[in-house]
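Worksheet: the structure to be examined is printed underneath.
Each reported figure results from applying straightforward, stated rules to the coordinates on display, with no laboratory input. Computed from a prediction, not measured in an experiment: that's the story for all the values here. A quick note on method: Cβ atoms are made from the backbone with ideal geometry, for glycine too, and the neighbour counts reach across all protein chains shown.
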Amino acid sequence: MTPVRIFFHKTGRAKYISHLDIYRCMQRAVKRSGLPVWYTEGFNPHMYLTFALPISLGYESICESMDFKLTEPVEFDQIVKRLNNCLPPDLQAYSAAEPVMKTEKIFWADYQIRLESENCLPEELAKSLEASCETSPLMVMKKTKKGEKEIDISPLFSCSKIQTESDGVTFRLRTRAGNEVNLNPSLVIQELEKQAKQKIFAAVTRIAILTEECKNFC
Amino acid sequence: MMMDKLNRILPLVQKPARYTGGELNSIMKDKNKIEVRFAFCFPDLYEVGMSHLGMKILYSLLNEKENVWCERVFAPGADMEAQMRQNNIPLYGLESFDPLSEFDFIGFTLQYELCYTTVLNMLDLAGLPVRSKDREELTPLVVAGGPCTCNPEPIADFIDLFMLGEGEEQLPALVELYRKAKAEGRSKKAFLMQAAKEIPGIYVPMFYDVAYRSDGAIDSVKPNEDVPFPITKAIVKNLDQVYYPDQFVVPFIETVHDRAMVEVLRGCIRGCRFCQAGFIYRPFREKNFETLNKNGRNLCDSTGYEEISLSSLSTSDYSQLEPLLDKMLTWTDESKVNLSLPSLRIDNFSEELLDKIKKVRKSGLTFAPEAGTQRMRDVINKNISEEEVLNTCKTAFEGGYTSVKLYFMMGLPTETDDDIRGIIYLAQKIVDLFYSLPTKPKGKGVNVTVSVAGFVPKPHTPFEFEPQDTMDELKRKQAILLDTVRSRKISVKYHASDVTVLEGVLARGDRKLCDVLETAWKKGCKLDSWDEFFSLERWNEAYAECGIDPAFYSNRLRSYDEILPWDHLDYGVTKAFLIRENKKAHESNTTAHCRAICSGCGANCLLGGNCFDAR
């Protein structure tokens with residue numbers, strides 16, 4: 001059995017597809033591709049797909065990963081090619097390889113974010129963004145399965161490359177990611193909205209998933 | 001530009017993937033190379049519309065043409081509509097994101113009467129006047145097809161042109177005629193006239209005047225131009241050679257029917273007297289099993305679906321069902337595809353058939369006896385006996401099934417309270433049968449679900465003359481039904497009767513209802529088939545404001561010689577036949593199915609010969 005990890009992007013229209021729907025879409029794509037995928041051997045055989053860190057609904061990503069097993073080896077570039085023939089244009093694989101790291105290795109995620117607000121000058125937005133980065137502790141309300149909880153997010157993120165444009169602000173956000181500690185960029189944006197007392201529109205793209213040593217997850 | 005606007009609102013709505021297109025097999029084209037743009041509108045939510053086979057066929061068919069681009073449009077949910085209106089985003093095509101007003105055709109499929117208000121709402125969301133007469137230009141042309149066009153009168157003032165019958169040949173002809181008319185700069189009226197004259201099944205309401213008697217019934221329907229009268233529906237004579245898509249758009253989100261489908265046959269040999277589909281889709285035509293096998297295989301390959309259904313009004317009446325199943329099972333098994341047969345009849349449900357379906361997956365079994373007593377079943381010409389129902393259940397129980405769902409109707413013509421109680425007695429007999437079987441599945445109880453819908457008399461059926469039960473009467477009968485249940489193994493489900501009555505009014509309505517429809521829509525009615533949207537109050541206000549008594553349409557017995565609002569629309573089946581069948585119903589006499597003996601309904605004229613001998 002050959003384990004395979006593919007990386008794909010989820011951009012444009014596809015960013016509005018929920019994880020559950022991506023799962024079904026990928027199952028069908030793998031099926032159409034005719035790849036010799038391994039099915040579970042239970043009462044109701046189905047293919048077994050694993051996603052390392054599924055992106056939130058509404059965000060784009062150029063670094064989504066999906067693992068599955070093949071019953072016989074296929075050349076990796078063939079896997080990419082065959083899958084892409086069966087995937088819509090906004091969901092396309094760009095690499096396939098044997099998995100190197102376990103998903104527990106995931107520690108950081110990098111996002112490229114663009115903020116806009118109708119009633120707030122870009123300079124002001126940039127200023128409150130910088131201020132948030134320097135505030136410690138930075139207490140925000142986080143919704144969990146058990147209800148709301150106040151947590152300090154200041155050690156969980158950092159910002160860089162803050163650039164002011166005529167109608168918005170762009171910046172790079174690095175947040176803790178993974179199974180143990182995970183900070184969704186929405187909490188940072190929510191905090192900015194609170195400070196600016198304005199609705200902020202954010203376009204978010206995840207650009208990298210990293211280990212603790214800041215190596216690309218692979 | 002549109003994507004930019006949508007990015008602002010989509011994060012705020014439920015299931016945003018309903019509104020973004022981009023699915024596998026959705027068709028993108030360069031609009032600069034397109035001569036005719038067609039917006040195929042389904043007046044309900046994405047999940048419902050994307051399950052509809054007719055839309056899939058016509059979408060692929062139109063897009064086969066290089067110079068035509070057909071896109072899909074669905075009704076937005078309430079949250080999305082509010083955001084669209086607030087942010088001035090017009091209704092748009094899911095492929096190009098272009099507003100509907102930029103299309104040449106805005107084509108609605110009318111699958112059920114309760115979608116009419118949604119049609120108006122979608123036109124309004126597109127920024128168009130809802131009334132045909134207020135849209136003076138040729139473009140965009142608002143057209144409609146689907147089963148409800150067999151009586152489109154309640155929506156006649158809003159639609160420029162109706163397409164009666166089957167679209168596979170008619171629609172491309174209409175699009176081509178339009179392309180020429182647009183290139184030649186013809187007026188809307190000139191184009192409509194030419195379409196009505198040259199293309200089979202085209203009904204342009206404004207070319208026909210309706211006069212009423214003082215009692216509200218129709219005095220006459222007369223053409224006011226040189227156009228066909230009556231208007232005869234279009235059919236595809238050779239179903240085996242009809243276009244069938246080898247790709248379906250595969251939705252990202254779950255839809256009502258998210259699976260591959262092949263259409264096994266069209267029409268129905270049975271002639272159940274309540275069933276509109278059983279008459280308006282006549283004559284009966286089948287596809288060859290080799291063709292179907294190929295259709296099905298292509299679709300599964302191109303979509304990756306894990307389920308394929310054999311669709312038709314009555315799949316067990318398909319003469320080549322066994323060879324078809326044998327052929328399909330050779331590949332469905334190994335590619336892990338489930339085969340589903342949604343429409344089986346009780347009387348020809350064999351053990352072998354059960355075995356074949358069981359190979360794939362065991363789900364519940366659903367049958368439709370439709371009525372609880374033999375007398376009632378004879379009246380509606382549902383030619384099955386209690387013995388057959390019990391035998392089928394026995395076969396199913398012995399095959400390991402423990403759950404059976406039965407469909408019934410209440411409010412049928414000549415129905416008595418005993419007929420209502422008979423529904424539960426029949427269910428009880430099935431429960432008793434289960435426990436009497438020595439071979440019953442061990443350690444399991446039985447579950448008989450009785451689902452009861454209110455009967456709605458429909459045009460082009462032998463019951464088109466009949467009064468519908470009032471709401472009070474339906475509620476009274478529901479109480480009797482619940483009261484008769486003595487076993488916890490029987491669960492009863494029934495539909496809300498308020499909606500049933502509205503459906504009845506719209507189904508047999510005339511053009512006077514156009515005002516009611518517009519008034520109700522202006523009061524906020526839309527998506528009436530959804531409980532959370534339906535408001536009886538608003539409809540009642542609309543009736544009152546327009547001086548219309550809904551009982552005139554729903555609860556009135558029509559005489560055989562009354563001119564009915566749809567009498568000028570010829571669906572092949574003659575009124576003389578419907579009257580004959582109606583009389584037989586009142587005598588509790590049945591009519592044999594078409595394969596046994598031709599009962600002379602008239603639909604064979606559409607083929608130009610006999611339905612069965614011709615092949």
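Quick notes
- Here chain B is treated with +1 on each Lys and Arg Cβ and -1 on each Asp and Glu Cβ, and its dipole about the Cα centre works out to around 1080 debye.
- Rounded if a/c under 1.5, otherwise prolate or oblate - the range A:100-218, Cα gyration tensor axes: oblate
- Compactness relative to 2.2 N^0.38 Å, alpha carbon Rg of the protein assembly as shown: 1.05
- Tensor-based shape of the range B:173-291 (alpha-carbon gyration tensor, a/c under 1.5 rounded, otherwise prolate or oblate): oblate
- Chain B, relative contact order in percent, only Cα pairs under 8 angstrom and at least six apart counted: 14 percent
- Listed by Cβ neighbour count within 10 Å, with the fewest neighbours leading, A:ILE207, B:ILE155, A:ILE162, A:ILE153 appear as A:ILE207, A:ILE162, A:ILE153, B:ILE155.
- Taking Cα atoms only, the orientation of helix B:471-484 departs from the longest principal axis of chain B by about 30 degrees.
- The fewest-to-most ranking of B:PHE97, B:PHE612 by surrounding Cβ atoms within 10 Å reads B:PHE612, B:PHE97.
- Computed over the range B:458-566: relative contact order in percent, which uses C-alpha pairs under 8 Å that are six or more apart: 40 percent
- Filter on B:LYS182/B:LYS237; B:LYS440/B:LYS489; B:LYS233/B:LYS575 - keep pairs with C-alpha separation over 18 Å: B:LYS182/B:LYS237
- Beta bridges by DSSP in the range B:2-219, antiparallel share as percent, to the nearest 5: 20 percent
- Ellipsoid semi-axes in whole angstrom, largest first, where each is sqrt(5λ) of the Cα gyration tensor of the range A:1-94: 22, 15, 11
- Global form of the range B:75-115, assessed from the alpha-carbon gyration tensor, a/c cut-off 1.5: oblate
- Peptides ranked, highest mean first, by Cβ atoms within 10 Å: ranges B:238-245, B:108-115: B:108-115, B:238-245
- Estimated inter-spin distance, B:ARG8 and A:LEU20, nm [label 7 Å along Cα→Cβ]: 3.1 nm
- Partner lysines whose Cα lies under 17 Å from the Cα of B:LYS477, excluding those fewer than 8 positions away in the same chain, are identified as B:LYS493.
- Cα convex hull, the range B:1-135: 115 Å³ per residue, rounded to a whole number.
- Rg/Rh for chain B, where both radii come from Cα atoms and Rh is the Kirkwood radius: 0.95
- Gaussian network model of chain A, springs between alpha carbon atoms under 10 Å - residue of A:PHE76, A:PHE43, A:PHE171 with greatest fluctuation: A:PHE43
- Legend: ranking of residues A:MET1, B:MET3, B:MET409 from fewest to most surrounding C-beta atoms inside 10 Å; resulting order A:MET1, B:MET3, B:MET409.
- Potential extension, B:ASN288-B:SER599 segment - 0.36 nm per residue separation minus Cα distance: 109.5 nm
- Angle in degrees between helix A:185-196 and the longest Cα principal axis of chain A, rounded to the nearest 10: 20 degrees
- The three principal axes of the Cα atoms in chain A give end-to-end lengths of 56, 35, 31 Å, sorted in falling order.
- A simple rule links phi to the HN-Hα coupling: the Karplus curve 6.51 cos²θ - 1.76 cosθ + 1.60 with θ = phi - 60°, which for the range B:156-161 gives 5, 6, 9, 10, 6, 7 Hz, with x for Gly and Pro.
- Of all DSSP beta bridges in chain B, antiparallel share, percent nearest 5: 20 percent
- Relative contact order of the range A:104-211, defined on C-alpha pairs under 8 angstrom at six or more residues apart (%): 46 percent
- Between 0 and 90°, nearest 10: helix B:188-198 axis offset from chain B longest Cα axis: 50 degrees
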